[in-house]
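The values are calculated or read from the model by the stated rules, or taken from the named source; none is laboratory data. Everything numeric here is computed off the predicted structure, so don't read it as measured data. We place every Cβ from the backbone using ideal geometry, glycine too, and count neighbours over all the protein chains shown.
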Amino acid sequence: MGEKNQKNFAEFINCLSILESQTSLLYSDIAAKVASPLVRALLEEIAIDSQKHSALTKGVSESITHPKKGQKECAKQNPVLQNVFKLQKEISKMQKITSEDLLKLNEKLYLLETQMAEEYYVFVQMRTLTMMMNQINQTYNIDLSSVKRIFTTIIADEERHTELLETVKKMATPEEQSGNTPLVKFQNPDAWYQTPPSAL
């Protein structure tokens with residue numbers, strides 16, 4: 001693998017690390033403004049995962065070479081990171097996040113997690129990834145499958161995040177919209193209170 005390709009891959013993975021780090025900050029910011037303790041805990045769990053992914057990808061990139069790109073440079077080439085910055089700006093203007101706000105945000109977060117999983121999936125399928133991992137293997141004597149497992153584990157986490165967001169969505173949805181409450185009682189309350197029949 002040529003030196004130029006090594007640098008390009010290192011920069012690409014470094015940008016993934018920055019993306020994960022900023023995503024972690026985004027979820028932490030949202031969690032801090034949510035009233036529900038359980039919803040807050042679910043969002044914080046995703047934030048912790050994202051920070052872990054950031055550390056792992058940073059370690060991989062620095063094992064190849066020393067990347068130089070910062071947030072601005074990465075954002076120019078990564079639309080997903082651009083979306084994260086937009087969401088951060090949107091959240092910064094909110095003092096608190098209501099259930100209605102959370103439902104709207106949830107759609108954007110679900111799309112974000114899907115896009116991030118695709119970033120990793122496409123990367124793992126690239127043939128040059130094998131050459132990059134061979135380079136790491138030669139330097140650190142690490143088994144090839146162990147390095148690839150880092151990325152497949154992150155993909156699995158991203159998919160689990162969408163499941164957690166589905167739970168958040170259900171918790172934020174008002175009962176009368178969730179299908180769990182008999183609406184007929186509220187549509188025609190008099191029908192629930194009939195005069196008992198006279199004794200014979």
Please enumerate the residues belonging to region 37-93 that are of a type in the set (Val, Ile, Thr) and farther than 14 Å from Glu11 by Cα. Val39, Ile46, Ile48, Val80, Val84, Ile91
Here are Leu87, Leu112: which of them is closer than 23 Å to Ile150 by Cα, part of a helix (DSSP H, G or I) and either among the charged types (D, E, K, R) or touching a helix residue (DSSP H, G or I) at 6+ places or on another chain (Cβ under 8 Å) (or both)? Leu112
Hits in region 64-106 - residues which are under 19 Å from the mean Cα position of the chain (by Cα) and among the basic types (Lys, Arg): Lys86, Lys89, Lys104
Within region 26-34, can one find any residue that is surrounded by 20 or more Cβ atoms within 10 Å (Cβ to Cβ) and either modelled with pLDDT under 95 or touching a Phe, Trp or Tyr at 6+ places or on another chain (Cβ under 8 Å) (or both)? no
Across region 1-52, what is the total count of residues that are more than 13 Å from Gln88 (Cβ to Cβ), in contact with a strand residue (DSSP E or B) (Cβ under 8 Å, 6 or more places away or on another chain) and either among the aromatic types (Phe, Trp, Tyr) or assigned to a helix (DSSP H, G or I) (or both)? 2
Can Glu45 be described as acidic (Asp, Glu), closer than 23 Å to Ile150 by Cα and in contact (Cβ under 8 Å) with a residue 60 or more places away in the chain? yes
Restricting the first residue to region 56-72 and requiring it to be within 24 Å of Asn83 (Cα to Cα), which pairs with a second residue that is surrounded by fewer than 18 Cβ atoms within 10 Å (Cβ to Cβ) meet a Cβ separation below 6 Å and a spacing of at least six or different chains? Leu56/Ile150
Please go through region 71-102 and pick out each residue that is under 13 Å from Gln115 (Cβ atoms) and aliphatic (A, V, I, L, M). Val80, Leu81, Val84, Leu87
